[in-house]
Amino acid sequence: MSRAGDFRDPALVKALVAAVRRDVEALGRPVTLMEVCGTHTVAVSRSGLRGLLHGFVDLRSGPGCPVCVTSETDLDRMVALALAPGTVVVTFGDMVRVPGTVGTLEEARAAGADVRVVYSAEGAVRAAAEEPERLFVFLGVGFETTQPGVALALREADRLGLENFCILSAHKTLPQALRALIEPAAGGDARGGDAPGGGRADRPRLDGFILPGHVSAVIGRRAYDFMADEYGLPGAVAGFEPVDILVAVRELVRSVRAGRARVLNLYSRVVREEGNPRARAIVDRFFEPCPAEWRGLGTIPASGLKLRPEWERFDASVRLRAALEDGLARARARAQRTGHERLRRACRCGDVLRGELLPPECPLFGRSCTPVRPVGPCMVSTEGSCAAYYRYEGRGDRV
Amino acid sequence: MNVDREKGPRDGAGRGNGRRVTLAHGAGGRLTAELVREVFLKHFQSRHLAPLGDSALVPPGGGRLALTTDGFVVDPLFFPGGDIGRLAVCGTVNDLAVAGAAPAYLTASFIIEEGLPFEVLERVGLSMARAAEEAGVEVVTGDTKVVERGGCDKLFIVTSGVGFVLPGADIGPSRVRPGDRLVLSGPVGQHGVAVLSQREGLGFASSVRSDCAPVAGLTTRLIEELGPAVRWMRDPTRGGLATVVCELAEETGLDVFLEEEVIPVPSDVAAACELLGLDPLYLANEGKVLVVVEEAAAQRAVDLLREAGQADAAVVGRVEEVVVRTPGGTGAHGDRRPEPRPGAYLRTPYGGTRFLERLAGEQLPRIC
C-alpha cells in the first residue's frame, strides 16, 4: 500500500472514529474543535469526516483559507488595479470569484481588464518577462506556505532586472490571527463563562485547534506554544489525510479530557520544531510585518506582510498609488450609496468563527448574505461555517 | 496577405505549405469553394455532402428523430488524446447517443479567425472525419465563415446532429425508480486534466490523455440488449460526474448516492488533482456515459460495457427514496423549499457522506 494509502485506510479511520466517540462519551459533553486551515477543511469535507463525527465532535472551519479572509478593501484594490490602463493582474485561480464592494476580478475581466490565472508567482514573472510593454501586478495572497514562493519570484524579477513586475501584498500570517480569535473568548473568564462580545455561557467554546501542516512546515511547531501557555488551549499540528486529521482529533479530545493543554506535532514527517528557517529568511529579505485587515475579523496587528521600503519598486501600492486611491474612493462611495458598508459592519463572522454564534443567528444569514452574494468569509468559502450551514440545513441526518 | 494559390495541397493532411486563411476565404467566392474542397470535402466522404447544395437531402430513418447542437471553443485546439475536431464530432454524437438514438448525420459550421494556418484546418478536418467514421455518422452539410483577427479565437466549430431513436429505447427521468443502479462506463477526469495540462503548461500532468471518443456504440449495445431496463443516460462532460448526478436527482426528485471507492480515477489524474486542488468528480469527460439501469440488469450492463472494451466499467451508485425533508417547509433562514429535497451524495470509503453540489462556474484551482 502506498504511503498516502496508509493514511487513508478505511479500517483505521473507522477505528479512530470509534475511539474518539468513546473518549467524548467519557468526557460527557461534545467537543468543539477548529480546523484552522483551508486544506484541512476541504479534506474533512471530501472524506465525509464532519458527518462521521456529527453529534460528538463539532469541527468548525477557521480563518485559514487565505482567499476567504482577504478583505473587501484589498479586493477593491485588486479590481482597481485590474481596471487601470496598461496593467495585467496575475492571480491564483480562486481569487477571481470573490466579491469586494465593487464586484469580482471575473467581472472586471468581463469588462475588459486583463486578469490571468497562474499556478505560481514564478509564472507571473515569466509572463512579465515576455511582455515588457505591460505592467504585471501579481496578487500576493496566502499564508506562510505561499510566501516563500512569492519571495523567490521577487528574487527572480530582481535578477532579471524586470521593471514591469510588481506585487500587491495582501499576505497574512497565522499566529497573530489565532491569538485574536482566542483572545475575546478566553480573555475574560477563559472558556465557559460569559465572555465579552456577546458570548454565551451555554455555548460550547472552542476546545482546541487542529493546526495547519503546511504553514507549520515553515513556522514550526513552537510558534503555537502561546496557545497552551497563555490560554490553556490544546493544539495539534496535523497532515491532510483522513487518518492524520482523526489522530489530531483523538489527541485533542484526550487533552480536553485530561485537562492538559499542549501543542503536539502529529505531522513530524514534514514539520519540525523550528520550522524552515531558510524559507523564513527569504521571506524576511523582501517583507516585513504590518497590520492586516481580515474579512470578518477586522484589522489585526502584525498579521500581514508588506514589502520592505528598499523593494518599493516591486510594490504595486507605491507604483500604482493613484489608480488605487481612485479605485478605493469609488468603492467607498458605492458602499455608502448601496448600504453595503452597513452590511459589512453587521457581519458576525468573527463571532461565528469564535464559536459564540451559530450562523442562522447572524442577522444577515440567508438574507443579505448568501453563497452567491457573500458578505463575510464564512459564507465566501464553500466550506465556511455559514456556507456549510446554509447548504446542509435539513440534511443533518444524512451528512 | 500573400496567398500562393498555385501550390495548394494536393494530398494528405499537414500539407498546408505555410498558407493561412484570409478574409477572402470567407467571402463566398472562388477561394471559399477552394477551402471547402481542399480541406473539408476531401475528408468528409458522404454522397449527401458532395453535391454541396444549400441543404443536404437525406432519406428518412425509422423511429423518432433526435436533434441536438453544440458549439466547440476549446483552447488549445490540440491536446493529448484529441483536438477540437474530434471533440466537435464526439460531443454531438454523444448527446444523441444518451438520448437513446443512433446518430446518423452531422452538420458542421466553422468560424475561422483570419490568419489560421491551412495546416491546422486540415488536421482538424481529418480528425473530424476519422471520429465521424468511428461514430458511424456522416457529415452532410456545413458552412465556413472567416472573421477578422480577434473576432474569435483561432477556430470555433458548431456541430448539429440528427439521430433516430432506437426501437426499444424508453429513456427519461420519469422512468427512474428507487433501487435503480448507476453504471459508469470508465474512469473520470482525463479530458479535464489533459486540456488543463496543455493550457497551463503543466508538465507533470502531460501523461494524461483526453478520453474523447464516441459512446454511441456503447449506448446502442446497452439498449439493444437491455431494452427498457435502461432508464436514463447522460455523458458527464462539463461539470463532470458530480454535476450529472445532481441533474439526475433534480430531474427525478429522488436521492442519488455515489460510492467513492468504486469510482475509477486514474492515478495520474488523481495526482494532478491533488497538486492543483481540483476534484476529479467535477472534471470534464468526453467519452464516458453514466447509465441508470434497473437493479436486476446492473451487472449485465457492466459486463456488456466491459465486452465492448470498457475495462473499468462499474456500478458506482444507486437511486434511493428521498429521506431529507425541509422541516416545516421553511428553513431557519426563511428559504422556503418544497419538500421533499432530493440531493446527490457521495459515500466515502470511511462511511462518511458528502453532499454533492453543482459548481457555480468553472472549477478553479485552490491555493489553500
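Would you calculate the separation in nanometres between label points at residue B:358 and residue B:130, each defined as 7 Å from the Cα along the Cα-to-beta-carbon direction?
3.6
What angle, in degrees between 0 and 90 and rounded to the nearest 10, separates the Cα long axis of helix A:321-338 from the longest principal axis of the Cα atoms of chain A?
Roughly 60 degrees, rounded to the nearest 10.
Hey, how many Å between the Cα centroid of the range A:328-385 and the Cα centroid of the range B:86-163?
Here the two parts' Cα centres lie 47 Å apart.
When the label point is put 7 Å from the Cα of residue B:34 along its Cα-to-beta-carbon vector, which residues of the range B:132-158 have a backbone N closer than 14 Å?
From the range B:132-158, the list is empty.
For chain A, give the share of DSSP beta bridges that are antiparallel, in percent and rounded to the nearest 5; count only bridges with both residues there. Intermediate results must be reported in sequence, preceding the final value.
Numbers: 10 of 40 bridges.
Beta bridges within chain A, antiparallel portion: roughly 25 percent.
What residues of the range A:138-152 lie in the reach of a label at residue A:131, counting those whose backbone N is under 15 Å from a point 7 Å from the Cα along Cα→Cβ?
Taking a point 7 Å out along Cα→Cβ of residue A:131, the residues of the range A:138-152 whose backbone N falls under 15 Å are A:138-139.
Rounded to the nearest 500, what is the 222 nm mean residue ellipticity of chain A from helices alone, with -39500 (n - 2.57) per DSSP H run of 4+ residues and division by all residues? Can you show the working numbers first?
Numbers: 19 runs with 179 residues, N = 399.
Taking each H run of at least 4 residues, the total per residue is -13000 deg cm²/dmol.
Run the numbers for residue B:307 and residue B:221: contour at 0.36 nm per residue of separation, minus the present Cα-Cα distance, in nm. Show your work: numbers first, answer last.
Numbers: separation 86, 0.36 × 86 = 30.96 nm, distance 1.04 nm.
Difference between extended and current length: 29.9 nm.
Compute the helix-to-body angle for A:174-187: its Cα long axis versus the longest principal axis of chain A, expressed 0 to 90° and rounded to tens.
For A:174-187 against chain A, the angle is about 50 degrees.
Using a Gaussian network for chain A with springs between C-alpha atoms less than 10 Å apart, which of these wobbles most: A:142, A:232, A:296?
A:232
In nanometres, what is the gap between the two model label sites at residue B:143 and residue A:229, each 7 Å from Cα along Cα-to-Cβ?
For residue B:143 paired with residue A:229, the spin-label model returns 7.4 nm.
Mind checking the full-extension length gain between residue A:336 and residue A:313? Use 0.36 nm per residue of separation minus the Cα-Cα distance, one decimal, nm. Before the final figure, lay out each step's value.
Details: separation 23, 0.36 × 23 = 8.28 nm, distance 3.34 nm.
Net length gain for the segment: 4.9 nm.
If you take every DSSP beta bridge fully contained in the protein assembly as shown, what fraction is antiparallel? Give it as a percent rounded to 5. Could the numbers behind the result be given before it?
Numbers: 53 of 96 bridges.
Within the protein assembly as shown, antiparallel bridges account for around 55 percent of the total.
Using Cα positions and a limit of under 22 Å, work out the lysines in reach of residue B:154, with same-chain residues fewer than 8 apart set aside.
Straight-distance partners of residue B:154: B:42, B:145.
Would you calculate a helix-derived [θ] at 222 nm for chain B, using -39,500 (n - 2.57) for each DSSP H run of n ≥ 4 and dividing by the full residue count, to the nearest 500?
Values: 8 runs with 93 residues, N = 368.
-8000 deg cm²/dmol, from helical runs alone.
Return the whole-Å distance between the Cα centroid of the range A:214-248 and the Cα centroid of the range A:15-82.
So the two Cα centres are separated by 14 Å.
Angle between the Cα long axis of helix A:121-130 and the longest principal axis of chain A, 0 to 90 degrees, nearest 10?
10
For chain B, what's the relative contact order in percent, using C-alpha pairs closer than 8 Å and at least 6 residues apart? Please report the intermediate quantities before stating the final value.
Values: 826 pairs, mean separation 71.6, N = 368.
The value is 19 percent.
Read-outs: derived from the displayed coordinates by stated rules, not from any lab. What you see is a predicted model, and the numbers here were worked out from it, not measured in a lab. Every residue, glycine among them, receives a Cβ derived from its backbone with ideal geometry; neighbour counts consider all protein chains shown.
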